[in-house]
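The values are calculated or read from the model by the stated rules, or taken from the named source; none is laboratory data. Bear in mind the structure is a predicted one, so any value in this text is a computation, not a measurement. For neighbour counting, all protein chains shown are included, and Cβ atoms are generated from backbone atoms with ideal geometry for every residue, glycine included. With ligands, DNA and RNA removed, areas are computed over all heavy atoms of the protein, side chains included. Shrake-Rupley method; radii C 1.70, N 1.55, O 1.52, S 1.80 Å.
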Amino acid sequence: MKILGAIELWPARFHYAQAPVFNASTYLDFLHRLAPHYRRRGAILIQDNASYHKDSEVWTWFKSNRHWLEVHQLPPYSPELNPTERLWQYTRKTGTHDRYFASQGELVATLTRVFEDMQSYPELIRPRLLPFC
């Protein structure tokens, strides 16, 4: 499963989207979905070094939105600095670890439940994000 994720640290707000592939197009779609939440108040986006994050089309979009969006890259090979990795860890622990899924539908249902819990109850994930706040 390909899942794009973003976290707003202080309120522990989690956004996600399932994508068929990870590429510049699906990343831009995800950014377009996030933009209305942050355009008026501004945002700082810290992203890892996935190849699609460095795509010229993506950076053109960043430049056209720099009046409300500041973008920073994490150093290469530094998952310990990426708070989203903590949520993927939480997802494995509470939803997918040591479980057999007879179908992709069962996996999707489990992931949806875990992600909706994170969205509805930020206190579940806030302790995992404290080192970044």
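Accessible-area rank, largest first, for 3, 44, 125: 44, 3, 125, with all protein chains present and a 1.4 angstrom probe. So which lysines pass the test for residue 54, namely a Cα distance under 21 Å, with those fewer than 8 places away in the same chain ruled out? The reachable lysines, counting only those whose Cα sits under 21 Å from residue 54, are 2, 63.
So how exposed is residue 2, as accessible area in Å² (1.4 Å probe, rounded to 10)? Around 80 Å² of this residue is reachable by solvent. The mean accessible area for residues of the chain, using a 1.4 Å probe and ignoring ligands and nucleic acids, is 63 Å² per residue. Take the Kirkwood radius over Cα pairs of the stretch 1-67, plug it into Stokes-Einstein at 37 °C and 0.692 mPa s, and you get 260 µm²/s for translational diffusion. Relative to the Cα centre, the charge distribution of the stretch 1-61, modelled as +1 at Lys and Arg Cβ and -1 at Asp and Glu Cβ, gives a dipole magnitude of about 260 debye. Here the stretch 61-83 and the stretch 1-45 have alpha carbon centers that stand 12 Å from each other. With θ taken as phi - 60° and the Karplus curve 6.51 cos²θ - 1.76 cosθ + 1.60 applied, the whole-hertz 3J(HN,Hα) list for the stretch 36-48 is x, 6, 10, 4, 6, 9, x, 7, 10, 9, 10, 10, 7 Hz, x standing for glycine and proline.
Residues in the stretch 98-115 carry Karplus couplings, in order, of 6, 10, 9, 10, 5, 8, 5, x, 5, 5, 4, 4, 5, 4, 4, 4, 5, 5 Hz; the curve used is 6.51 cos²θ - 1.76 cosθ + 1.60 with θ = phi - 60°, and Gly or Pro positions show x. Computed on the chain, with alpha-carbon pairs under 8 angstrom and 6+ residues apart, the relative contact order is 27 percent. Close amide H contacts of residue 48 (hydrogens built in the peptide plane, cut-off under 5 Å, sequence separation of 5 or more or a different chain): 74.
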